[in-house]
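Read the figures in this text as sums done on the coordinates, not as results from a lab. Quantities reported herein were computed from a predicted structural model and do not represent experimental measurements. Note that each Cβ is placed from the backbone with ideal geometry, even for glycine, and that neighbours are counted across all protein chains shown.
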Protein chains: 4
Amino acid sequence: MNETKSYKWFHDYLAPHEAHTHGIKAIVFSKQSPFQQIEILETHSYGQCLVLDGKMQSSEADEFIYHEALVHPALLTHPDPRHVLIVGGGEGATLREILRHRSVEKVLMVDIDQEVVEACRAHLPKWHRGAFDDPRTELRFCDARKYLEETDTIYDVIIIDISEPVEEGPAYLLYTREFYQMVTQRLGPSGIISLQAGTTSVIHLLNFSAVCQTLRTSFPTVSPYQAIIPSFGLPWGFALASKNFDPQALTPQEVDRRIAERITGDLHYYDGLLHQGQFILPKHVRVQMEKEERIIEDNQPLFTYN
Amino acid sequence: MNETKSYKWFHDYLAPHEAHTHGIKAIVFSKQSPFQQIEILETHSYGQCLVLDGKMQSSEADEFIYHEALVHPALLTHPDPRHVLIVGGGEGATLREILRHRSVEKVLMVDIDQEVVEACRAHLPKWHRGAFDDPRTELRFCDARKYLEETDTIYDVIIIDISEPVEEGPAYLLYTREFYQMVTQRLGPSGIISLQAGTTSVIHLLNFSAVCQTLRTSFPTVSPYQAIIPSFGLPWGFALASKNFDPQALTPQEVDRRIAERITGDLHYYDGLLHQGQFILPKHVRVQMEKEERIIEDNQPLFTYN
Amino acid sequence: MNETKSYKWFHDYLAPHEAHTHGIKAIVFSKQSPFQQIEILETHSYGQCLVLDGKMQSSEADEFIYHEALVHPALLTHPDPRHVLIVGGGEGATLREILRHRSVEKVLMVDIDQEVVEACRAHLPKWHRGAFDDPRTELRFCDARKYLEETDTIYDVIIIDISEPVEEGPAYLLYTREFYQMVTQRLGPSGIISLQAGTTSVIHLLNFSAVCQTLRTSFPTVSPYQAIIPSFGLPWGFALASKNFDPQALTPQEVDRRIAERITGDLHYYDGLLHQGQFILPKHVRVQMEKEERIIEDNQPLFTYN
Amino acid sequence: MNETKSYKWFHDYLAPHEAHTHGIKAIVFSKQSPFQQIEILETHSYGQCLVLDGKMQSSEADEFIYHEALVHPALLTHPDPRHVLIVGGGEGATLREILRHRSVEKVLMVDIDQEVVEACRAHLPKWHRGAFDDPRTELRFCDARKYLEETDTIYDVIIIDISEPVEEGPAYLLYTREFYQMVTQRLGPSGIISLQAGTTSVIHLLNFSAVCQTLRTSFPTVSPYQAIIPSFGLPWGFALASKNFDPQALTPQEVDRRIAERITGDLHYYDGLLHQGQFILPKHVRVQMEKEERIIEDNQPLFTYN
């Protein structure tokens, strides 16, 4: 083969006629689970990538951005996070970042798809780095709604790390008002959640603004923020929702102080300055979000393009 | 044709084995000029797009982000911009944004490629919106270095709006230390420049950090910043370089005050809050930039991937 | 651009998940007519190509194969073709090949889409080579069925040179039993027709066998044959249907003799030996065709993939 | 995923700017051997496909065409083939077709790449159908030139079933005058060989005519022929080279008689009629081949595009 030419390509469709296209070096793993098509692809630009139902989930080259952005704002805003629940989180990298917080005593990860977790555990050690074997970790494979209905455990922080709401996919009922109500009932009085919420590209805006609007039905403080994960092809939105503490009340200095005190090892993406910057969305995104009136409900779910 | 299938595709290569891929609705214009391949493509996601040598330059859907990000930080940081020079700027949208500043008395746009400007003037009225006909506008078609060598005009602000430094392309000698020296000599004592400087995606970081480092050889204040232009596929870097005024010294309130006083019409992307946020780069980008030691010179130019 | 990389691609879909993919050098012409999307693309491998509704019709590099294969078997099998009708034939190359026959006194070309013919006349002179200006040529722009219903002219040969039967496309009612009945009524007692009938690739066999079966409802002799036109991506089927003369009764020597006597200039694809070979289909295609029972009718039309 | 959209694609490059593109359902096998990249891909149109160094070798849907076309003309032209050598032949399907000949007593298959053979044996049972376990079969994994230099066995028929001559690939020294000299010395006085020799598409003609010309340095009778294997994207050329017997001297009836007498089971692609037709190449291919003067030699090898 000509060195400048790939002959196998992965098209990550961002819209019906738009894709982020990756030359494939190798297929590391490929399997249809009861819930979704699971693939681990080795790409030229981003190294290994977890792909579910044809959508990029995270890549070796920039998963640190996604996972630091998802975990640390919530845990650092909380004064003393001890018990943490992960909804989803297949790769084990969300778990890894949570376990870096010295205060954390127990993390339960509830993922519906055992085969995703097993594939990541076997093939993506650079992601989990042994986190599944940490004595503070517990794994369960079941529907997160069912778990929340049945448990009476109270959590300090809940991190929702699930794929996008795709029709007939495993995740769409984890984006509704009813689900967030369940979540809030299992949080302590200082409870905080964070989640990824789809792209912030206004051209493609499908669920980011609606998810934030829906969160407001259950939480007094909802703070949308964004991160740039190049392998995703589009800018990505997150939301932190909180019962009591406002993440934007923390100064960069205070965030840096908490990082130094509470987290083991170095962060690569996130620090106090970035904490401040990530909540500043472009004006047109803010305008669009202020106009949003949709509330996502179980019987009126929202589906993203796929 | 099946409605969900495009049969003509534009692959905007971001790396040798990575592309942002756009279904093409129509080719509005296509011509090889003496300097580059010029195309105006109508895409499904982003409407009309200007493409030079196979690289996306700006799109109907999000050109407002690129052009507001390029122009307003520099002009608003300057206390009273009257004379402005554009190096490049083919679409006429940089010109359009500059002309919205009430203080501006004269704008000279120097673009090497008359055919790009004529194509944009004829086919992209949504971009220029009559800016070429404004009595304050002057156009010249020549090499910007040649112009700067020969002129003795002094400018308040110089906006460098050129394509990426491609081997044998028209732009690579407009990214060197020698060029920035020429630029600084044609600026008044409060002079400010801004320019696009390539992607800030660390995986693809080729020239952003080197351009900023090179600017520091000519300017006491260099402020890198970034914007997300979804049609570009990767996050994009800009730099503001200044002889006297520091853009980061302006509060959001002061920026909003200047916008209200000085600019006609509404901005869609940029405001005081965004001004503050745009200078906050992720930690790993800052770390990477601090390590940068390359200075780009005429006899040691830098070429981007194409 | 890297020389080994095209950045605009035409995907000619051969099946839902299969395409023949062509790097596009330039879009020479592009227009939506009342009937179809018309494009003339310049490709790297095949030069200029006429593309209708996203399907390759003929290319500069190998249109000689398609047009010689379509025209000469029918005209040489007829003892003395003087009056010829073309149904379709937009490029003017079918016309060109017919006019090379010295016996031909008059050719009427009936194409529904005047814009296709005008585009080809203006942009594809290598195809028609002045055939539209030959005094023996007459052009009409109307539905071929309407023309056949109203005319009382009798033809020696009718060449059906239309695009594939696509739902809502202009051609599907020109593949039915009722249409072939009209055709046979406008042919003299030695009358012969020929037509392209879709791919002979068994994997993709959609209409070739059904078209041949349908022709048998109107003609005593139906001779399927095939040609390889590389730009089509798949092997291509044709059929010659005849009231009286059997093309396979001609020896290679007799065909070569008729070519020498009747045709001006040299043929590049077709000769007596090839005449013999083209009717020999692979065994599995013959088996498949013998099993075919479908008759295509106006109220039971057949649509190809698109 | 939308059902009409594949998100993994295999581009089989036919030329620098042309590809036959296949939606990938699954990667069944993928490994870099010491000689080449080996992949078994499941595609939508053609089922499982063996792909070496990014080039389609054979597919589930139409491998029967390739292997019948390669094997039977040579074995049926020989009066009594008992000892057969396969050079290459990884899939085991060439072996399978040879073993169907009742006269065959012994087949030696010499393939340089044991990992290809093992992958095919494990994953492509539809190809080999147990042929590797036939008591008449012997396998060796070594360079065919080395084997031919060292052996003193005499063969009735030698089938050369190797990939195209790619620079630094394993096959290019098996297309030279010197190699064919070795081959002819290991053949009996009625000896016959056959081989695949690249595309017959004139637009892409790289080695078909030169291979045939080179064969003429070693064999008195060289009979080029072609077959259409849709998964290859282009028409494909073969050559039969013979010391004594001319395949074109056999009538269709004689071929059919030999098939009935000598071969077990039914053929799907090949019969007496097809035998006759396959040697009839289009006029322009014959003209091109008559002009060919290149002789491929060890120190002047020929490389195909890849």
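Between the alpha-carbon centers of segment D:178-206 and segment D:269-295, tell me the distance in whole angstrom.
First find each Cα centre; the distance between them is then 14 Å.
Take every DSSP beta bridge with both residues inside segment C:63-291 and express the antiparallel ones as a percent of the total, to the nearest 5.
40 percent
Taking the Cα centre of segment B:9-59 as origin, work out the dipole magnitude from +1 charges on Lys and Arg Cβ and -1 charges on Asp and Glu Cβ, in debye rounded to 20.
Values: 3 positive and 5 negative charges, 24 e Å.
Computed charge dipole of segment B:9-59: roughly 120 debye.
Do you know the relative contact order of chain C, to the nearest whole percent, from alpha carbon pairs under 8 angstrom that are 6+ apart?
Answer for chain C is 18 percent.
If you place +1 on the Cβ of every Lys and Arg and -1 on the Cβ of every Asp and Glu, how big does the dipole about the Cα centre of chain D come out, in debye to the nearest 20?
The dipole of chain D has a size of about 440 debye.
Search the structure for amide H atoms under 5 Å from the amide H of D:I229, placed 1.01 Å from N in the peptide plane, and list their residues when 5 or more places away or on another chain.
Residues meeting the criterion, in which the H sits 1.01 Å from N, are D:W236.
Nearest 0.05, what FRET efficiency do D:E105 and B:A26 give at R0 = 56 Å with Cβ-Cβ as r?
0.30
Considering amide H positions built from the backbone, and no H for Pro or chain starts, which residues 5 or more places from A:K106, or on another chain, come under 5 Å of its amide H?
Hits under the 5 Å cutoff: A:V84.
With +1 assigned to the C-beta of every Lys and Arg and -1 to the C-beta of every Asp and Glu, and no other charges, what is the dipole magnitude of the protein assembly as shown about the Cα centre in debye, to the nearest 20? The partial results should precede the final answer.
Working: 112 positive and 168 negative charges, 2 e Å.
Around 0 debye, computed over the protein assembly as shown.
Calculate the length of the line joining the C-alpha centroid of segment D:20-44 to that of segment B:41-88, in whole Å.
Taking the Cα centre of each part, segment D:20-44 and segment B:41-88 sit 43 Å apart.
Just in segment A:73-110: which GluC sites (Glu not before Pro) are loop by DSSP and have at most 12 other Cβ atoms within 10 Å?
A:E105
Tell me, rounded to the nearest percent, the portion of alpha carbon pairs in chain C spaced more than 27 Å apart.
Of the Cα pairs, 38 percent sit more than 27 Å apart.
Hey, any idea what Rg/Rh is for segment B:167-306, computing Rh the Kirkwood way over Cα pairs?
Rg/Rh: 0.97.
Under the rule of -39500 (n - 2.57) per DSSP H run of 4 or more residues, summed and divided by the residues of the protein assembly as shown, what mean residue ellipticity at 222 nm is obtained, to the nearest 500 deg cm²/dmol?
That comes out to -8000 deg cm²/dmol.
Return the equivalent ellipsoid semi-axes of segment B:109-251 as a descending list in whole Å, where each equals the square root of 5 times an eigenvalue of the C-alpha gyration tensor.
Semi-axes from the Cα gyration tensor: 23, 21, 16 Å.
I need the GluC sites (Glu not before Pro) found in segment A:106-206, filtered to DSSP loop residues with at most 16 other beta carbons within 10 Å of theirs.
Within segment A:106-206, the qualifying GluC sites (Glu not before Pro) (loop, at most 16 other Cβ atoms within 10 Å) are A:E167, A:E168.
Cβ under 13 Å from D:Y46's Cβ, D:Y46 left aside: what net charge do those residues give with Lys, Arg +1 and Asp, Glu -1?
Residues close to D:Y46 contribute a combined charge of -4.
How would segment C:9-58 be classified by its alpha-carbon gyration tensor: rounded, prolate or oblate, with rounded meaning a/c under 1.5 and the a/b versus b/c comparison settling the rest?
Cα axes put segment C:9-58 in the oblate bin.
Which distances, shortest first and in nm, link C:Q300 to the matching position in the other copies, using label points set 7 Å out along Cα to C-beta?
Distances to the matching label points in the other copies: 4.9, 6.3, 8.0 nm.
Can you compute the label reach from B:T151? Point 7 Å from Cα along the Cβ direction, backbone N cut-off under 16 Å, restricted to segment B:191-226.
Within reach of a label on B:T151, which here means backbone N under 16 Å from a point 7 Å along Cα→Cβ, segment B:191-226 contributes B:191-195.
What number comes out for the charge environment of B:K55, summing +1 per Lys or Arg and -1 per Asp or Glu over other residues with Cβ under 11 Å away?
So the environment of B:K55 carries a net charge of -4.
For segment C:148-221, compute Rh as the Kirkwood radius over C-alpha pairs and then the Stokes-Einstein diffusion coefficient at 10 °C and 1.306 mPa s; write the answer in µm²/s, rounded to an integer. Let's see the in-between values first.
Numbers: Rh = 13.2 Å.
Reported coefficient: 120 µm²/s.
Using the Kirkwood formula over every pair of different C-alpha atoms, what hydrodynamic radius in Å results for the protein assembly as shown?
33.9 Å
Can you sort D:C212, A:C120 so the residue with the fewest Cβ neighbours within 10 Å comes first?
Sorted ascending by nearby Cβ count, the order is D:C212, A:C120.
Taking each label point as 7 Å beyond Cα in the direction of the beta carbon, state the distances from C:P79 to the same residue in the other copies, shortest first, in nm.
So the label point of C:P79 gives 4.8, 10.4, 11.0 nm to the other copies.
Nearest-5 percent of antiparallel DSSP beta bridges in the protein assembly as shown?
Percent antiparallel among DSSP bridges in the protein assembly as shown is about 70.
For segment D:23-120, list log₁₀ I(q)/I(0) at each q in 0.12, 0.15, 0.18 Å⁻¹, using the Debye formula over Cα point scatterers of equal strength and ignoring solvent, two decimals each.
-0.43, -0.64, -0.86
What does the charge add up to near A:I229, with Lys and Arg as +1, Asp and Glu as -1, over the other residues with Cβ less than 11 Å from its Cβ?
Neighbour charge sum, excluding A:I229 itself: -3.
So for segment B:123-272, averaging the separation of alpha carbon pairs under 8 Å that are six or more residues apart and normalising by length, what relative contact order in percent results?
After rounding, I find 18 percent.
Rounded, prolate or oblate, given the Cα gyration tensor of segment A:68-187, with a/c below 1.5 counting as rounded?
Cα axes put segment A:68-187 in the oblate bin.
Which of the pairs C:K8/C:K55; A:K25/D:K25; B:K55/B:K291 have their Cα atoms more than 19 Å apart in this structure?
Working: C:K8/C:K55 16 Å; A:K25/D:K25 17 Å; B:K55/B:K291 29 Å.
The pairs that break the limit, which is 19 Å between Cα atoms, are B:K55/B:K291.
Based on DSSP H assignment, which helices of chain C show an axial Cα extent of at least 18 Å together with a mean Kyte-Doolittle hydropathy greater than or equal to 0.0?
C:63-77
Pull out a ≥ b ≥ c, the square roots of the eigenvalues of the alpha-carbon gyration tensor of segment B:109-177, then state rounded if a/c is under 1.5, prolate if not and a/b is larger than b/c, and oblate in the remaining case.
The shape class here is oblate.
Provide an ascending nm list, one decimal, of label-point separations from D:G130 to the equivalent residue in each further copy; define each label point as 7 Å from Cα along Cα→Cβ.
5.3, 6.9, 8.5
Counting other C-beta atoms within 10 Å, which of C:L95, A:L70, C:L250 has the fewest, and how do the rest follow?
Going from sparsest to densest Cβ surroundings: C:L250, A:L70, C:L95.
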